[in-house]
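Novice: The structure follows.
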Amino acid sequence: MTPEHLRDAAGIAAVFGFFAMSWFGWAQEKPPASWLWPLRTGSILSGLCAVAGGLLLWRHWDDGSVIDASVGPAFGIVVGIEFAAAGIGAAFLAIRKKAHLMSAWIAFVVGVHLFPVAVLLEVPWLHVPAALVTIAAAAAPFIARRRGLLVSAVVGATTGPVLLVSALASLTDSLTR
């Protein structure tokens, strides 16, 4: 269920921690005042998790990894498609004067891209954050409209915790091997 290699678990902790921090940050665009401290705390914890995962990744860089010569190119293609889809979609939304939906679109792309990443990394539990981020992204515009909030606050406040919990789980896995 967890990555075979410590290096991969540490890498997941580092990457998810970094992006959780980013989502908590994006959520701080005009959230309700009562959300500020939890969002700031989430940002700090995510940053610490990213640093800890990054240090473990660096320390175990020469250990094994599922990302080898056969998986690396496919992983690069998946990430490339993710960046292209996020960028093209964001540009389309900007042109259509719907920039307020960019955070939901980008979160949706992130969630969807995590499904093939879970398969490539051979980490089945990554399907859980993939599904949760995808659902959060799809629901955020409706929740934001109904509650009078910015979409970025809703999507960031839901995506950040999902990625943080996932990063902490992976960091814990790394540290207990």
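Novice: Report, by residue number, each residue of region 29-62 that is in a loop (DSSP other than H, G, I, E, B) and farther than 11 Å from G11 by Cβ.
Specialist: Going residue by residue through region 29-62, those that are in a loop (DSSP other than H, G, I, E, B) are 29-32, 60-62.
Those that are in a loop (DSSP other than H, G, I, E, B) and farther than 11 Å from G11 by Cβ: E29, K30, P31, P32, D62.
Novice: Hey, can you tell me all the residues within region 24-42 that are in contact (Cβ under 8 Å) with a residue 24 or more places away in the chain and either closer than 17 Å to L171 by Cβ or among the polar types (S, T, N, Q) (or both)?
Specialist: F24, Q28, G42
Novice: Pull out all pairs, ordered by first then second residue, where Cβ-Cβ is under 9 Å, the residues are six or more apart or on different chains, the first lies in region 134-157 and is without any contact (Cβ under 8 Å) to a residue 60 or more places away in the chain and among the basic types (K, R), and the second is part of a helix (DSSP H, G or I) and open to solvent by less than 20 Å² (accessible area, probe 1.4 Å).
Specialist: Within 9 Å, the pairs are R145/V151; R147/V154.
Novice: Of the residues in region 31-53, how many are surrounded by 13 or more Cβ atoms within 10 Å (Cβ to Cβ), within 18 Å of V165 (Cβ to Cβ) and not aromatic (F, W, Y)?
Specialist: 14
Novice: From (1) open to solvent by 70 Å² or more (accessible area, probe 1.4 Å); (2) of a type in the set (D, E); (3) closer than 21 Å to G25 by Cα, pick out the condition that doesn't hold for D68.
Specialist: Single failed check for D68: (3).
Novice: L163 versus (1) in a helix (DSSP H, G or I); (2) open to solvent by 20 Å² or more (accessible area, probe 1.4 Å): which is the lone unmet condition?
Specialist: In the conditions (1) in a helix (DSSP H, G or I); (2) open to solvent by 20 Å² or more (accessible area, probe 1.4 Å), L163 misses (2) alone.
Novice: Return the residues of region 149-160 that are assigned to a helix (DSSP H, G or I) and more than 17 Å from F16 (Cβ to Cβ); say none if nothing qualifies.
Specialist: Matches in region 149-160: V151, S152, A153, V154.
Novice: Which of the residues belonging to region 89-115 are more than 13 Å from A137 (Cα to Cα) and either more than 19 Å from the chain's Cα centre (by Cα) or among the polar types (S, T, N, Q) (or both)?
Specialist: A91, F92, L93, A94, I95, R96, K97, K98, A99
Novice: Would a scan of region 149-158 turn up a residue that is aliphatic (A, V, I, L, M) and surrounded by fewer than 21 Cβ atoms within 10 Å (Cβ to Cβ)? I'd like the intermediate steps shown before the answer.
Specialist: Keep residues of region 149-158 that are aliphatic (A, V, I, L, M), which gives 149-151, 153-155, 157.
Add one more test, that the residue is surrounded by fewer than 21 Cβ atoms within 10 Å (Cβ to Cβ), and what stays is 149-150.
The answer is yes, given that some residue of region 149-158 is aliphatic (A, V, I, L, M) and surrounded by fewer than 21 Cβ atoms within 10 Å (Cβ to Cβ).
The values are calculated or read from the model by the stated rules, or taken from the named source; none is laboratory data. Quick caveat, the model's predicted, so the values are computed rather than measured. All Cβ positions, glycine included, derive from the backbone under ideal geometry; neighbour counts span all protein chains shown. We work out accessible area using only protein heavy atoms, side chains counted, and drop any ligands, DNA or RNA first. Shrake-Rupley method; radii C 1.70, N 1.55, O 1.52, S 1.80 Å.
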